[in-house]
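Values quoted throughout were computed directly from the atomic coordinates according to the rules given, and no laboratory measurement underlies them. Bear in mind the structure is a predicted one, so any value in this text is a computation, not a measurement. Cβ sites come from the backbone with ideal geometry, for glycine too, and all protein chains shown count toward neighbours.
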Amino acid sequence: MSRIRAAVGGLTITADVDRQAPLGWRFWTLAGFPGDPVQPRPYGASRCIALAMVEIDGCQRWLCAMELDGTFQLFTGHELFPCADQAGAARFARAVIDSHAVQLRLL
């Protein structure tokens with residue numbers, strides 16, 4: 001496990017995520033993106049990796065890393081759909097985790 005620190009809007013979130021993608025892990029996408037089983041017509045933004053579930057004001061949300069620019073966003077479950085295209089997913093996940101990992105230090 002690695003602890004990462006992510007800035008989402010005005011929030012700073014710390015979450016523990018697996019360094020290796022778990023079995024069945026995949027890119028997810030917002031409705032209307034390439035690979036979306038419901039509406040495949042693209043109209044902007046990018047695929048994302050659902051890293052961890054976090055609770056904000058009593059609501060469960062996915063902390064997601066966006067492939068296009070490496071930023072983080074918060075989504076509810078129904079906003080995410082499986083994306084069949086896995087190209088580069090593991091490499092992108094490792095880069096995101098490495099760049100935002102919080103290293104423990106001995107004092």
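Observations on the model:
- Segment residue 69..residue 81, full-extension length gain: 2.4 nm, with 0.36 nm per residue of separation and the alpha-carbon distance subtracted.
- Derived scalar couplings ³J(HN,Hα) [region 3-8; Karplus, 6.51 cos²θ - 1.76 cosθ + 1.60; whole Hz; x for Gly, Pro]: 8, 10, 10, 10, 9, 10
- Efficiency of FRET between residue 98 and residue 59 - r from beta-carbon atoms, R0 30 angstrom, step 0.05: 0.55
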